[in-house]
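Accompanying notes for the structure given below.
The values are calculated or read from the model by the stated rules, or taken from the named source; none is laboratory data. Not measured: the values here are computed from a predicted model. Methodologically, a virtual Cβ is constructed for each residue, glycine included, from the backbone with ideal geometry; neighbour enumeration extends over all protein chains shown. Areas reflect the complete protein model, heavy atoms only, side chains present, ligands, DNA and RNA absent. Shrake-Rupley method; radii C 1.70, N 1.55, O 1.52, S 1.80 Å.
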Amino acid sequence: MKFTTFIISLTLALLPGSSSSQSLRRNNKVVVERQLNEDTFIFNQLSDGYAQGTGDKVGTSCSTSDRYASFTDGGNDPDYINIVTSKWHSGGYRMDCKDKGAHTGWQCAATCSPFPNPNFMDWQYLTFEARVLNIDALDQAGGCKPTIGITKRWPSYHSNVIAMEGDCVDSGSLHNSEWRKVVIPMSDFSTTEWPTVNGVKDMYFRSCGTAYSVNPHYQVRGILLTDTPPSISAGAITPNPTDQPTDNPTTAEPSPSPSDSPTPAPTEAYWSIWENVADSTTPEDTSLTCFENKARLGITSTSDEFGDYFTTRGDAWVSGGIKFGCQAKDSNWNCIASCFDVLDWTDKLYLTFLAKVEGISPGCRPSVTVTGGGWPRHSSPKIYLEDSYVDAGTLVSTEFRRVVIPLDNFKTEEWPGLNAMYGMYFQTCGFDEDGGSYPLLTYHIGSVAITNEMIDVVSMPPSGSPTPFVPDDILLATHRFVHTNWYPLFSPDREPDGKLCSSLSRS
């Protein structure tokens, strides 16, 4: 009888299966021998959505993000994962060890899925049932298709992205209310960079990105690794096929699966930092703020008819803003709560956000800086939020305007990589030359992100020296050209009161 062997760093054999499975202990590791044609569920019931094993991490969520994926009791029907994607975020299931450290002898005490980081290529197929609640809206918007991809923890590999349509889906496409089977050959996920599809960390049911107004709302159940896929029906057949052509058609040679040069995974070009009120705290612990100097400055977040934004008002000594990275660690120094975690901006191009500012005065200009780079922390130059960085060249208090700043402008000789990001500060103006404090600026900030896509700001208003226009009628002239300069025909101290013509005598 043929067997496949898995080495799993677990203190307990968590793999469910038939009685024909055997467990052996080798070098303090559990070895599970799986008979071919033996299925393994990744997610089959509500309890599979939470870490199993021993220790204080048991019961923690196995979603990639609690904001976008949750586990739902199906009532009389099977339980399922509810995944609501956005322009910037996908959601799915995390197949990772949740508790591994010195206190466990570096063995995995609690894990998601039957065992952490499985090797998908040890099975022939990934299969599950799915529906997409807003599939009709996706079809009407055009271009956005439900897709799935998987990732590896280290090195950070990404599989091919598989569109859930055609031969891999029951009836050829997903439905908004009917559960349909999806069957994907494991070989379809493999890439030249990651041919073994081993050590899987995350399974993502993907968003379509910022180019689309609508993104998929998935519901998924019965996620199974198997050697024997369920049968699925073909796509819809045209009721009245066209007449047979005169010449018998030739059958095209099938393309290899997977192709020799698979399509690379799409590259994300937009990383949200603060998009809505929920981003004001860490997702793991809502008592932990993602704002810098929140308590001192009274930073608030708001959701109203203008959208979601936060408000910060620095005092004469301290500025407020956003914190990045880890905000809490456990006794073993493992991060257990974090804010925006894309901390290396070396290969990113722009910072962008919406802003309106109250209290702008001569000598006090709105500005932003970023800090990071380890310890002692490096600080960027101060970027003034005006001119080519801002819609119409300046911020106002009456409307939100777009700000776009090339990240190169934040770099310095000491900090050329913008790595280990720590914080973003909307700067106070401090004190003037005479020692008095400037009026305080109140910033309202929304839609903060970094992106590799250029976003055009609205053109600046005409400059103080407009291009001359010479009218045919001399009576319409406002300036006279002398030598190399234009001079106004009238100045305020020489103009008569009221309308010009009212002071002229008429014969």
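When the Cα gyration tensor is reduced to axis lengths a ≥ b ≥ c, the ratio a/c is 1.5 or higher for the stretch 264-340, and with a/b not above b/c it is classed as oblate.
Surface composition of the stretch 304-423: carbon and sulfur atoms hold 50% of the protein heavy-atom accessible area at a 1.4 Å probe.
Using a Förster radius of 45 Å, what is the FRET efficiency between Asn76 and Val318 based on their Cβ-Cβ separation? Nearest 0.05, please. Let's see the in-between values first.
On the way: r = 57 Å, r/R0 = 1.26.
That pair, Asn76 with Val318, gives E of 0.20.
Cross-link pairs exceeding 32 Å in C-alpha to C-alpha distance, out of Lys152/Lys329; Lys98/Lys181; Lys87/Lys181; Lys57/Lys382, comprise Lys57/Lys382.
In this simple spin-label model, placing a label point 7 Å from the Cα along the Cα-to-Cβ direction at both Ser397 and Met121 gives a separation of 6.4 nm. Working ranking of peptides 353-361, 282-290, 317-325 by packing, defined as the average number of other Cβ atoms within 10 Å per residue, highest first, is 317-325, 353-361, 282-290.
Peptides 133-144, 114-125 ranked from most to least packed by the mean count of surrounding Cβ atoms within 10 Å: 114-125, 133-144. Straight-line cross-link reach from Lys348 at under 16 Å between alpha-carbon atoms covers these lysines, not counting any fewer than eight positions away in the same chain: Lys411. Taken along the Cα-to-beta-carbon direction at a fixed 7 Å, the label points for Ala137 and Asp341 span 2.8 nm.
For the stretch 359-367, backbone phi angles converted through the Karplus equation (6.51, -1.76, 1.60; θ = phi - 60°) give residue-by-residue couplings of x, 5, 9, x, x, 10, 10, x, 7 Hz, Gly and Pro being listed as x.
Which residues in the stretch 99-118 have a backbone N closer than 20 Å to a point placed 7 Å from the Cα of Trp154 along the Cα-to-Cβ line? Residues 99-112, 115-118 fall inside that zone. If you plug the beta carbon distance of Thr412 and Trp271 into 1/(1 + (r/R0)^6) with R0 = 25 Å, you get a FRET efficiency near 0.65.
Ranked from highest to lowest mean number of other Cβ atoms within 10 Å per residue, what is the order of the peptides 82-92, 169-179? Each step should come with its number before you reach the end.
Working: 82-92: 21.1, 169-179: 16.5.
My ranking of the peptides, most packed first, is 82-92, 169-179.
Here the dipole of the stretch 67-179 is about 740 debye; that uses its Cα centre as origin and unit charges on the Cβ of Lys and Arg (positive) and Asp and Glu (negative). May I ask for the distance between the Cα centers of the stretch 353-381 and the stretch 129-200, given as a whole number of Å? The distance from the Cα centre of the stretch 353-381 to that of the stretch 129-200 comes to 42 Å.
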